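Reading through the structure tokens given below for one structure.
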Amino acid sequence: MTITTDQVTATRADVCVAAVSDAFKDSGEVLAHAVGIVPAIGVRLAKATHTPELALSDGEAFMMSEAPPLLKTAAAGGTPEAWVPFRSIFDIVASGRRHSMMGASQIDRHGNQNISSIGDWRQPKRQLIGVRGAPGNTVNHRVDYWVAKHSARIFVDQVDVTSGVGNDRATGSAAKYHDLGVIVTNLAVFGYDESGLIKVNSIHPGVTPEELQDATGFEIDAASAPLTREPTPDELAIIEAEDPKGLRFKEVP
């Protein structure tokens, strides 16, 4: 779907990029970690507009004052301003000076995330990438999620394996720095209510509450949800400059 904003046409992908950008608003001087094309563009948009102090990396070993082209390292362009060996990333994570937007193969109503395996963990139907850094991320700093293809197979009543710690499991010392933010999908933006359960923050233009409910494996209330904001013409110009090849449309056609 396309949306016209002051004679400039925005797509669903652009709406998602703006929503990601908003998620990083006021994060301050922290390392922005973004998994996926739309999140990568979103953090670039955030740095170029409302949160210039965000620190970006090339995904390997350099902090960047100007991010390199999408899917490229510092060698392909951009301006490195510091060297960060991989072992130092663990220090950054443990200090809380990081804001991550991760992907998810499953998310349940409490915000537990699974990227490890599908099915009984003792004999899974499908092996995925493993828990990776999800446990440490979710108990040390702000974590958001990006889901490019919202479906009831991803938004489930209970995850098969807990990789990222949800609000119901963040107890004791794990709760001290636990901070789940938002979930941006190709259909909507979610947050969490006072009891830690997923709630609908906004629904993207062109999506109906019925469509959103059908694509979610547990009960949600989208009837009164406002529309996700549309990017401004200035933001659209930045998005296009950051992604001239339209790579975002591979994630959100």
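The values are calculated or read from the model by the stated rules, or taken from the named source; none is laboratory data. The structure displayed is predicted, hence computed values, not measured ones. Here the Cβ positions follow ideal geometry from the backbone for every residue, glycine too, while neighbour counts run over all protein chains shown. The protein model used for the area step is the full one, side chains on, heavy atoms only, and it has no ligands, DNA or RNA in it. Shrake-Rupley method; radii C 1.70, N 1.55, O 1.52, S 1.80 Å.
Tabulated results
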| read-out | value |
| --- | --- |
| Residues with amide H under 5 Å from that of Val159, placed H, sequence gap 5 or more | Asp108 |
| Unit charges at the beta carbon, dipole of the chain: most positive-side option, Thr232, Ala175, Ile41 | Ala175 |
| DSSP-assigned coil residues among trypsin sites (Lys or Arg not before Pro) in the range 151-194, each with at most 11 further Cβ atoms within 10 Å | Lys176 |
| Share, in percent, of DSSP beta bridges within the range 96-147 that are antiparallel, nearest 5 | 50 percent |
| Trypsin sites (Lys or Arg not before Pro) within the range 199-245: DSSP coil, no more than 10 neighbouring Cβ in 10 Å | Lys245 |
| Accessible surface, per residue, of the chain when the full set of protein chains is kept, probe 1.4 Å, Å² | 48 Å² |
| Pair Lys250, Met63: separation of 7 Å Cα→Cβ label points (nm) | 3.0 nm |
| Prolate/oblate/rounded label for the range 167-253 (Cα gyration tensor, a/c 1.5) | oblate |
| In the range 6-69, GluC sites (Glu not before Pro) in a DSSP loop with at most 14 other beta-carbon atoms within 10 Å | Glu29, Glu53, Glu60 |
| Percent carbon-and-sulfur accessible area, the range 83-138, ignoring ligands, DNA and RNA, probe 1.4 Å | 54 percent |
| Most mobile of Thr171, Thr216, Thr185 in a GNM of the chain (Cα contacts under 10 Å) | Thr171 |
| Violating pairs (Cα-Cα greater than 25 angstrom) within the set Lys47/Lys176; Lys25/Lys176; Lys47/Lys250; Lys125/Lys199; Lys25/Lys199 | Lys47/Lys176; Lys125/Lys199 |
| Percent RCO, i.e. relative contact order, over the chain, from Cα pairs under 8 Å lying at least 6 residues apart | 21 percent |
